[in-house]
Structures are given as C-alpha cells and as structure tokens.
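The values are calculated or read from the model by the stated rules, or taken from the named source; none is laboratory data. Predicted model, so just to flag it, every value in this text is computed and none were measured. Neighbour counts are summed over all protein chains in view; Cβ atoms, including those assigned to glycine, are modelled from backbone coordinates with ideal geometry.
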Amino acid sequence: MADVLLEIEDLEARIGAGPRAVRAVDGVSLRIRRGETYALLGESGCGKSMTALSIMRLLPAPAGRITGGRVLLDGIDLLGLSEARMRAVRGGRIGMIFQEPMTSLNPVLTVGEQIAESVRIHRGLRGGALRGRVLELLDAVGIPDARRRAGEYPHQLSGGMKQRVMIAIALAGEPELLIADEPTTALDVTIQAEVLELLRRLRAETGMALLLITHDLGVVAQTADRVGVMYAGQLVEEAARAPFFADPRHPYSRKLFDSVPTMAKRARPLAVIPGSVPELTATFSGCRFAERCARAWDACRERVPQWHRVADGHGVRCHLYDAALVAGAPGAAVSADAAADADTAAAAPAPEAGGHGPGGADLLRVRDLAVHFPVRSGLFARTRAKVYAVDGVSLAVGVGRTVALVGESGCGKTTVAKAILQLIRPTAGSVRFDGVELTALRGRALRARRRDFQIVFQDPYASMNPRMRVGEIVEEGMAALGLVADRAARRRRVAELLAQVGLSEPALSRYPHEFSGGQRQRICIARALAVDPRLIVCDEPTSALDVSVQAQILNLLKGLQDRLGLSYLFITHNLSVVSYLADEIAVMYLGRIVEHGPVSAVLAAPRHPYTEALLAAVPTLEAGAHRPVIRLEGDPPSPVDPPPGCHFQPRCPRAMPVCRERYPVGTVVGAGHEVRCHLYPGA
Amino acid sequence: MVKPVFLWTDTLLYVLVAAVAVLVWYVRRHEHLRAPWREVFRNRMGVAAMVVLAAYVTVGLLDSVHFRLPLESSAAGGERYSGQVLSVLDLLLTPLRTHQEETYSAPLATRLYSKETVRLPDGRDVRIYPRLRFGGAQLRDPARDRLPDIERTILRGVGFALLVWGALAAVVILVLARRHRWAPRAALQRVLAGRTDYPVHVALYTAGALILFASVTGHLAVHYHVFGTDKVGQDVFYETLKSIRTGLVIGTLTTLVMLPLAIVLGITAGYFRSWVDDVIQYIYTTLNSIPGVLLIVGAILMLEVYMANHPGDFQTVIARADLRLLFLCIILGITSWTGLCRLLRGEALKLRELDYVQAAQAFGVGHTKILARHILPNVMHIVLITVVLDFSGLVLAEAVLTYVGVGVDPTTYSWGNMINGARLELARDPVVWWSLAAAFLFMFGLVLSANLFADAVRDAFDPRAGGGRRGG
C-alpha cells in the first residue's frame, strides 16, 4: 500500500539482560497510514510506551534495547539508520509529545527559545524568519497573544498551555507522524477536551499521521481512526474505530468496556478482570490472558494464539476465532459469555437499584466552611494576601449515602476533605458530625471522635510508610485510639479486615512495596476500616489506577457500603465514577459549590454553565456521538485573587453584566437540586 | 594484676561499639533495612574499603583498652601501679615503643641522621654519624650487611604473609563451602572467578595486601625503624599507629555528639513548622555565622584554663590529654550539626505532607509517635550517608586544627601533631621527610577507604541514586 507511512514488523524490545530481561514489547506489528490517527490502547505496563520509544529509538539506555523486528518509515528501516541520521528523523519526520508537560519544558528558557531551537535544528531558519515561524507555531496551537507568550517562561503558563507549547515544539519539524504518549492524562477534563480538539484540527490541517497512546477508552472513541489494543507486550486486537466500539472481539477488550463505570451499571457490580498482568520475564506457552480470561479453555493454556482476521481490517489474537480450535471448546461462545456474566453477578449480590434511601438524619453537615491560607512575605512575614482555597462550602452527607464532590484540580476539593477531618483547621464555618461540632473540639476530645471518620488517599504509593509492615500499618489506628488493647486480638482483627478487602493473611508481614497499586489501595481501605468509621472520605481513590483495577476498588467500596452502612464523601474529577457510585453530586469551582443535587438530576440536566462544560468535555464511549464541546475561555483563575462577582464569569460563555457585580445566591431548581447562577434568579 | 583505666573516650567508644552491635542485630531482623546493606556488601569497592577500615578499627580498639601495670618493687603494703598508662596495642608494640634512639634517623637506617661528637676508645673526639642503639644493632658491618639483611627480612615477611593469607583463605573457602554445600574445590573455583553472592575474592585480595604490609613491616620493625625516628628518637611507625585511635575517636565520637542535636532539632523543625521551626532555624543560622574555628579556639582555651587551675583532678598525663580530646569532639560536634539538621528539616517538611503522615494524624496518633514511627525511620538513610561522608572530613579537620594549634593535646599521638612537627623538620637541612610521609600515608589510607565506603553506602541507600530498591 502506497499510503502506509509507518510499518512495524515483529518489533521486540527488552529491558535488562539475561533470564530476568523483561520482554516489554514482544512481536508487535502494525501499520499507520498517512493522515490517520492510530490509537494504541492498553493498561499500564502493557508495553505501549515502549513501542513508541522503540519507534524513536529512545529506549532507556543501557537497559533497554530492540532485539528484533523492523520499523519502516516510508520504506526506510529506522532501526538500521546511523545515530546521526536518526537524529534528523526524531523531531523532523517524527515528532513526539509526552505525558507530563510540567517536566518536559526547561524552566530556565522562554518557551519561544525552546520552540526556536527545534525550528532551527530541523528547518535551519535564522533571524526574522525564525521568529516569524515561532509565532506561527504558537498561533497554530491556539495560544493567544503569541508575541507576548513567546517571551514567557514555562512557570508562567498553565498546564494546558504547556502541553500546547510541547505540541508546537513537536510541530516545528513539520513531522509526518506525531507520537502522543498519554498527552492528556495529566490534564483536567476541560483542558483535555481542548488539547484533543487541537490535535484533531492540526491533523486535518497538516495531513500528518498521529499515533496516540492512551489508556482511556473515551479518548480513543473521540479521536482515533484505528485502534490497537495491547496486552502484556503484544497486540491482541486491531480494528477501525466504529467496529471496535460496536463489537470488540477479544475477551480482554470486552472486559475493558465492561469495567468502565456508567450510570446504567449502577445496579450491579462492575465486571472485573481477576488476577494481574503476568510477569513479562517469562516465556509464554499459551495465551497471555488465559489466566484471567473467563472464557479460557485448555487450548488457551497450551497453544500460543495466532492472529486471526475476523473482518476487513479487524484482527484478533484469540483462539475463540480459530475455527479449528473453537470446536473443541466446552460450550458455544455465547453460553461461555453468559456464564462469565453470571459469575460476576454471583460474586457479589447486586444491591437493588437506588437501594440507599434518603436516609434519616444527616451524618455530616458542613456549613459555610472556609479555609484561607495566608501568603506571607517580607521581613516580618506579614500576611500580604490570602489564598481563598475554600470559601463558603456547605454540604451534607446522610447515613449510608455517597456524596461526590467534583471539580477540576486546584478548586479546593482536597482542602475541603482535610478541613472536614480537621487535618487542616478551618478558618470559619461549622462541621457537625452526628450533632457534634468538630471545629470546637480540641486535643483528647477530638482524638476520641477521630475513629468515626477516616480517609483514603489518592496515591496508594505515598499513603503507606514504606518502612512498616502491612500488619503494623493497618493496626496503627486501632492502637492509637486504644480500641483493641490486646495485641493478639488486634492481629486477629487485622487479618479479618484484610480478608474483608480481599487480601490473604500472609500479606500481614510483608512490606507495601511488594503490592500492586490496586492491592495497596485495598490495604488503605482496610486501614481506614480498622477503627469502624461511619464516614470515609475518599480523595480520588481510583485516579492512579487502571480501569480494570478501578472497577475492583469501586465494587469493594460499594459492597462495604451495603454491608456496613458506611457513608462516603467521594472526591473525584472522574464523572463516570460519580455516575456509577454517587447518590448526590456537588460541583465545585474555585472554592465554592456551584451546583448540588441528586446525581441523576445533575448529570442528566446540568443547570450551571460550568457543569454543562464539564459534562460536555468528558469523552464518551458512544462512537461518533460528538457532543459539541463547550469551549471555556482561558484558565481557572487563581484563588489568591478571585474575579469580582461570580467566579466563573470570566470564562462563562453565557455571562451577563450582573455576573460581574455580585456572586449569585443559591436557587432551588428541583428536588434537592440547587444551583448558584444568575441564569436562575430566585424562585 | 593490672589496674584497668577507663578513659572518657574509651568508655564512649565502647558505648558506640555496643550501639553499632545493637544496630546490626536490629538491621538483620528487618528485611527492608537489610536489603540496602546487602547492596553495600555486593559493591566490590565497598568491600575492599570495608576490609581496610576494619584493620584500622581493630588497631584503634586495641589501643582503647588502657591499664596501669603493677610496679615490681611493690613490697611495702598494697599494690602500687606504674604512673604510665598503657594500652593493649602498646604491649603488642613493646619493641617499637621501647626502642628509643637519640634523635632523627632515616627509615631503615643504622646510623643517626645527624653528626655527633663521639669519644672514641682511644680518647679522640670525632664527629661521625653514630650507630643507632636499636636500628640494625645486630649487624656487625652495617655498610656491608644492611641491604642483604633487609632483603632477607622482607622475604621472610612475604613468606609469613603468604602462610597466614593461605590459612585465612582456606578457612573462608571452607566456611563458604559448608554453608552452600559446595565441594571445597568448586568453592575455590567460584571464589576465584568471583561467582559468589558477595565479592569474597575482593575481600580476600584486600586482606592479603594488608597482611603482606603488616607482615613485612612487622618483620622489619623488630630490628629496624621502618619509618625512621623523630626528634626525640621515638619510632615514627609507632607514633603513626597510635595516631589511628585519635583519628577514629574524632571521626566517630563527634558524630555521637552531633547526631542527637541534628536529628531532634531537624525533624521537629520540619514537622512542627511555625514558631518551633523559626526558633531552630535562628539557632543554626546564628551558629553557622560564627566561624567554627573561633568557637573551637574559645572552648579549648577555656578548658586549658580549667586544667591549669585544677591540676589535682587528673591522675595521669594521659587523662588530661584525653579530656582535651573529648572536648575537641564535643566542640566539633556542636559546630558541625547544622548541615545535617538543615537536610533533615527539608526532608521532614516533605514527609509531613505525605499521605501516610496525614493518615496517622487522622487516626489521632500523637506527635511524638508520628515523629518516631513515620518521620525518623524515613530520614535514617540521610543520617547514615551524612555520618559516613562526614567521618573522613572530621579526620582531616583534626589534622588541620592541631596544625593550627587548637586541636588535640601536644602529648597525644595524632597525625595533626606529626604534621605540625614536620613543619620544622621540613625547614631543616637535610630535610626530615619521613614523619610527614608516614602520617600522610596512614591518614590517606583511612580517609580514602572511608570515602570509598561512603560512596558504596550512598549508592545503596540514596533512593535518587537508583541503587536502593524501595517503594514510595
């Protein structure tokens, strides 16, 4: 095919040497046509980034090396090029952008200089022409006021701006192929939508091909033409977008879809993939997914599956599509499917839909909570300004209910959580827990109440002391609060708790680093449960986890709530998790709650323009269902100097003169549904 | 019987050795602490440095067991003891200690380094280089016999070293063979090829080099002054061996003084912040802005005045010198804790924001417990790296301070004193170079091996260096 730009054949890359070498990429073959967006989808550790780095020949030296295969760019084998000629390809014919815009730019050079460097190397421009080209590129990636921005330093730009600058640098060499390695993972959802839109537009304008590496099915649905699913270093399925989303063939792909939380799945536990990704140091005698596959039979463990074409341009690496083998499979494919579904349903009895009633009294009632951090400077550290991190938040959590607090990074969600737990003392407002005013408690009295409310953190790697055994970690709360005085009884209780979160007893005497991210998060949940809390604040507990692991944690949280009647304050930016788990939702913007109500009402009919924009920005799985992206102007304002009137007014597409004058008061727009916006004047 | 003498620094050294022993026992029981140490023991350079350090430490510890010998003429009532305090090392080195010449003599010489007027038996006075009392005294014609005799002695030394080393290697290999159930022959092959868990061959080769050095100098030292003699005829080899203890004491006891200050103040400042942090920061900024030498001079002068006014407090000269050594350690510790304190404050500032500390706070765990359980264990790698890195700096600091005149007591054997003396020796003609050379050689050996060991420790413990395998 003449229009194939990049062709990878049987690419193999290893990290390390000898028998312990990790086969990070193990026989990947794919083709990318000119002007096409190819999405490489997979969970962490499946080898998708390694594939991208292999194309660029940028594997981490000296451990990583390419051990086989070919990478043909327009028929030229990149693996055979000299390093000098490869340098011209990198950044020239192939551009690359990385996940973390914060660390990809040099903080001591202006962004203009950094773009100019790339232009100079690959286009050889000098002087005025160079400056002109830099401004053109900044314009192209949608940075307003390019002349001024070119002279600024990276720290003066927001995360979204930095990612745009990274894209401008990658575009400087006018590449034919742009490799984007998780380009939006570190960004907020509204900014993610903008960056994806930008990539789509640039591809249309320049005709370059795009290799998009992501773990997010939603991003794939919105952007890709073709999709390749990777698992354990291999491509397991490849198809055009529409057939892939309509009918994924590989059991792994199907499970991935099933484990995405949605509103529709609320009534039952999410499908999970049992076990974990196999060690890539081993040689496989069968299918790599067999151990975790609900539909595996003997052949899967004995023979390595071959690549099967199931339709035009749709291939799968699975024995289910091998006509010769499938005859030997126990039962037809359909019945196996049903059995698998029955499995998950039996594993945890489904709570009835909407099983959590409105609940009697509110367990937690927060009123006008404010946390202001002083900004000190000068000789005597006088307070020069204040950061209005949380500025008047009111919410209530009923017994056995889940309230989701949603907002973009920096809006003050985590500060609310810490202020409720009295880890940060609030500046003003009241936090009543079960009728007791927590802000008034001090010392011993507060310590005694602490057993009732606990927290689960976002980063399972930072939330456990690496120098303590799991048993000691889980036990710490019980010991500190003097709940179970007897050591042996405490040990028994810890084992019980670990069993409750699905971990076995030997885990007790091991160290946190021996566990995977999902297992660590289970340990953190067990630690919180150890003191029999009634409220657990979950601060983005799944955002550092893969989607299949996220499903396990969400199922666990839901099951625990049904059994123990726990209440959750669930802090997240992931709206699909909210739709699956929460009863109520509160949307936060710059230290204040702008909309609050039952999940079904708010998600179905958002009233506040910010909520609307947030929902519109979330990429959906329904392929082709392109909702119009509501583009928000500019970046979230700084909480040091909030804009006058409504905080959202500078970015709001529907701002009115009154919005600049005063902050709107709350208006009830439905049962329990309240919004603070001038569009809905008091009823 | 001998009368044991417990000098202050001896006692503290024993305490330190006991503390290290407890630490080793503790580390062996905790896998996450053992792992980085294993890394240290796998580092070839680290193992070689450790063997050399072990030799120094052995000499230092032998020199830290002090006692007074009974006087033989103690007939009248009760036992009486000599006023001279000796150590085990002194006893082992008795020939070196007692072979006192008139004045300077060059290494392995048989005659003095300067001419003296000697009255011959026939009554004439001549100015010649007189024979030494001990160096080469057994030779009849030094001019003819000296070199062959030295060669023979060296050969004997080499032979003896080979024997000892062979025995040591055999024992090590047999022990390894037993532990791993290898055939002795296979064990030998594995060790030679370096195919053991730890670089045993490196340790054996280093030990071999040390044994060779010790054996050759030991054989020579019986009849010669290997590194010559100093102005008063004292054997320089003896002096430099005695100096090892001073170097070790300064390097280790100073950290003993510095650590509690640095750790307690550093992590409390970082953890509590607010006014606690302000106070502690002011303390160390103030202390840091006073030149360290000035403080040391002040303290030593005060001590000298005290000792001059209370001569009765000290039974022996060595007790006086020891007190001054201890004081030097204390004052060096007080002036050097600020660097580590600053590092620990920064680390504690970072750790206090970590989720596991917040989780502990959410459980209502008390501050002291959080400091002890969550903060301290997670800064210990920094403490360890700093202590090992600082050691060599302190050994060098002693030499510099003593050279300036505010270091150890002039009667204490120390490399600083030797170098200080060498100032005049280098100014005379012909130059006396061997004191300086011997002090330099031994100090260089100690500091170099300490630095190499520190590198190995840092590689294993510093998470940023990528050697330490730990999560979080």
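Look through A:R309, A:R295, A:R288 and report the one residue that is loosely packed, with under 14 Cβ neighbours inside 10 Å and more than 23 Å from the chain's Cα centre (by Cα). Explain how you work it out, then say what you get.
On the way: A:R295 fails: loosely packed, with under 14 Cβ neighbours inside 10 Å; A:R288 fails: loosely packed, with under 14 Cβ neighbours inside 10 Å.
Going through A:R309, A:R295, A:R288 in turn, just one is loosely packed, with under 14 Cβ neighbours inside 10 Å and more than 23 Å from the chain's Cα centre (by Cα): A:R309.
Restricting the search to the range A:74-99, which residues are over 32 Å from the mean Cα position of the chain (by Cα) and either under 30 Å from A:I191 (Cβ atoms) or aliphatic (A, V, I, L, M) (or both)? Before the answer, list the steps.
Step one: of the range A:74-99, the residues over 32 Å from the mean Cα position of the chain (by Cα) are A:74-88.
Residues satisfying the conditions are A:I76, A:L78, A:L79, A:L81, A:A84, A:M86, A:A88.
Going by the conditions given, is B:I331 more than 7 Å from chain A (Cβ to nearest Cβ), β-branched (V, I, T), under 30 Å from B:T411 (Cβ atoms) and crowded, with 21+ Cβ neighbours inside 10 Å? Step through it out loud before you land on a result.
Values: more than 7 Å from chain A (Cβ to nearest Cβ): yes; β-branched (V, I, T): yes; under 30 Å from B:T411 (Cβ atoms): yes; crowded, with 21+ Cβ neighbours inside 10 Å: yes.
For B:I331, the condition - more than 7 Å from chain A (Cβ to nearest Cβ), β-branched (V, I, T), under 30 Å from B:T411 (Cβ atoms) and crowded, with 21+ Cβ neighbours inside 10 Å - is met.
Only residues that are in a helix (DSSP H, G or I) and within 13 Å of another protein chain (Cβ to nearest Cβ): list them for the range A:428-441, please.
Kept after step one, since they are in a helix (DSSP H, G or I), are these residues of the range A:428-441: A:438-440.
Selection gives A:L438 alone.
Being farther than 22 Å from A:P261 by Cβ and either surrounded by fewer than 23 Cβ atoms within 10 Å (Cβ to Cβ) or among the polar types (S, T, N, Q) (or both) narrows it down to one of A:R492, A:R527, A:R563, so name that one. Spell out how you get there, then give the answer.
On the way: A:R527 fails: either surrounded by fewer than 23 Cβ atoms within 10 Å (Cβ to Cβ) or among the polar types (S, T, N, Q) (or both); A:R563 fails: farther than 22 Å from A:P261 by Cβ.
A:R492 is the lone residue from the list that is farther than 22 Å from A:P261 by Cβ and either surrounded by fewer than 23 Cβ atoms within 10 Å (Cβ to Cβ) or among the polar types (S, T, N, Q) (or both).
Please go through the range B:338-372 and give me each residue that is surrounded by fewer than 23 Cβ atoms within 10 Å (Cβ to Cβ), more than 22 Å from A:E472 (Cβ to Cβ) and of a type in the set (A, V, I, L, M, F, W, C), ordered by number.
Selection gives B:L343, B:L349.
In the range B:1-56, what residues are of a type in the set (A, V, I, L, M) and either within 14 Å of chain A (Cβ to nearest Cβ) or over 24 Å from the mean Cα position of the chain (by Cα) (or both)? It would help to see each step written out before you state the result.
Keep residues of the range B:1-56 that are of a type in the set (A, V, I, L, M), which gives B:1-2, B:5, B:7, B:12-13, B:15-24, B:27, B:33, B:35, B:40, B:45, B:47-55.
The answer is B:M1, B:V2, B:V27, B:L33, B:A35.
Please count how many residues of the range A:575-624 are in a strand (DSSP E or B) and surrounded by 22 or more Cβ atoms within 10 Å (Cβ to Cβ). Show your work before the answer.
Keep residues of the range A:575-624 that are in a strand (DSSP E or B), which gives A:584-589, A:592-598.
Adding the requirement that they be surrounded by 22 or more Cβ atoms within 10 Å (Cβ to Cβ) leaves A:584-589, A:592-597.
Of the residues in the range A:575-624, 12 are in a strand (DSSP E or B) and surrounded by 22 or more Cβ atoms within 10 Å (Cβ to Cβ).
A:V397 - would you say it is closer than 28 Å to A:V618 by Cα, surrounded by 18 or more Cβ atoms within 10 Å (Cβ to Cβ), within 25 Å of the chain's Cα centre (by Cα) and among the aliphatic types (A, V, I, L, M)?
Numbers: closer than 28 Å to A:V618 by Cα: yes; surrounded by 18 or more Cβ atoms within 10 Å (Cβ to Cβ): yes; within 25 Å of the chain's Cα centre (by Cα): no; among the aliphatic types (A, V, I, L, M): yes.
Judged against the criteria, A:V397 is not a match.
Among the residues of the range A:424-474, count how many are among the hydrophobic types (A, V, I, L, M, F, W, C) and surrounded by fewer than 16 Cβ atoms within 10 Å (Cβ to Cβ).
Looking only at the range A:424-474, we keep the residues that are among the hydrophobic types (A, V, I, L, M, F, W, C), and these are A:424, A:428, A:431, A:433, A:436, A:438, A:440-441, A:445-446, A:448, A:453, A:455-457, A:462, A:464, A:468, A:470, A:473-474.
Still in the running and surrounded by fewer than 16 Cβ atoms within 10 Å (Cβ to Cβ): A:428, A:436, A:440, A:445-446, A:448.
Total satisfying the criteria: 6.
Does A:R425 count as within 23 Å of A:F570 (Cα to Cα), within 14 Å of chain B (Cβ to nearest Cβ) and either aliphatic (A, V, I, L, M) or free of Cβ contacts under 8 Å to residues at least 60 places away in the same chain (or both)?
yes
Kindly evaluate A:T402 against the criterion of being more than 23 Å from A:V549 (Cα to Cα), away from every other protein chain (no Cβ under 12 Å) and under 32 Å from the mean Cα position of the chain (by Cα). I'd like the intermediate steps shown before the answer.
On the way: more than 23 Å from A:V549 (Cα to Cα): no; away from every other protein chain (no Cβ under 12 Å): yes; under 32 Å from the mean Cα position of the chain (by Cα): yes.
Considered against the rule, which asks whether it is more than 23 Å from A:V549 (Cα to Cα), away from every other protein chain (no Cβ under 12 Å) and under 32 Å from the mean Cα position of the chain (by Cα), A:T402 comes out as no.
Select, from A:G173, A:G142, A:G95, A:G207, the only residue that is more than 21 Å from A:G410 (Cα to Cα), in contact (Cβ under 8 Å) with a residue 24 or more places away in the chain and buried (at least 23 other Cβ atoms within 10 Å of the Cβ).
Values: A:G173 fails: buried (at least 23 other Cβ atoms within 10 Å of the Cβ); A:G142 fails: buried (at least 23 other Cβ atoms within 10 Å of the Cβ); A:G207 fails: buried (at least 23 other Cβ atoms within 10 Å of the Cβ).
Selected residue: A:G95, the only one of A:G173, A:G142, A:G95, A:G207 that is more than 21 Å from A:G410 (Cα to Cα), in contact (Cβ under 8 Å) with a residue 24 or more places away in the chain and buried (at least 23 other Cβ atoms within 10 Å of the Cβ).
For (1) of a type in the set (D, E); (2) surrounded by fewer than 17 Cβ atoms within 10 Å (Cβ to Cβ); (3) farther than 22 Å from B:A55 by Cβ, each residue gets a yes or a no:
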| residue | (1), (2), (3) |
| --- | --- |
| B:R152 | no, yes, yes |
| B:A161 | no, no, no |
| B:A167 | no, yes, no |
| B:A187 | no, no, yes |
| B:A207 | no, no, no |
| B:V222 | no, yes, no |
| B:G228 | no, no, yes |
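So is B:N288 more than 14 Å from every other protein chain (Cβ to nearest Cβ), polar (S, T, N, Q), in contact (Cβ under 8 Å) with a residue 24 or more places away in the chain and surrounded by fewer than 21 Cβ atoms within 10 Å (Cβ to Cβ) or not?
Details: more than 14 Å from every other protein chain (Cβ to nearest Cβ): yes; polar (S, T, N, Q): yes; in contact (Cβ under 8 Å) with a residue 24 or more places away in the chain: yes; surrounded by fewer than 21 Cβ atoms within 10 Å (Cβ to Cβ): yes.
Yes; evaluated as a whole, the condition is true for this residue.
Hey, among the residues in the range A:661-683 that are without any contact (Cβ under 8 Å) to a residue 60 or more places away in the chain and among the aliphatic types (A, V, I, L, M), which one's surrounded by the fewest Cβ atoms within 10 Å (Cβ to Cβ)?
If we take residues in the range A:661-683 being without any contact (Cβ under 8 Å) to a residue 60 or more places away in the chain and among the aliphatic types (A, V, I, L, M), then A:A683 is surrounded by the fewest Cβ atoms within 10 Å (Cβ to Cβ).
Return the total of residues in the range B:321-358 being more than 15 Å from B:Y271 (Cβ to Cβ) and of a type in the set (A, V, I, L, M, F, W, C). Let's see the steps before the verdict.
Going through the range B:321-358, the residues more than 15 Å from B:Y271 (Cβ to Cβ) turn out to be B:321-340, B:355.
Subsequent filtering for residues that are of a type in the set (A, V, I, L, M, F, W, C) retains B:321, B:323, B:325-332, B:334, B:337, B:340.
Residues meeting the conditions: 13.
Within the range B:337-369, take every residue that is touching a residue at least 12 places away in the same chain (Cβ under 8 Å) and more than 30 Å from B:A454 (Cβ to Cβ) and give me the one that is nearest to the other protein chains (Cβ to nearest Cβ).
Taking the candidates together, the pick is B:A360.
Out of all the residues in the range B:304-331, which are modelled with pLDDT of 85 or more and in contact with a Gly (Cβ under 8 Å, 6 or more places away or on another chain)?
Listed by number, the list holds a single entry, B:L328.
Taking the range A:646-683, which residues are basic (K, R) and within 25 Å of A:T190 (Cα to Cα)?
A:R651, A:R654, A:R660, A:R676
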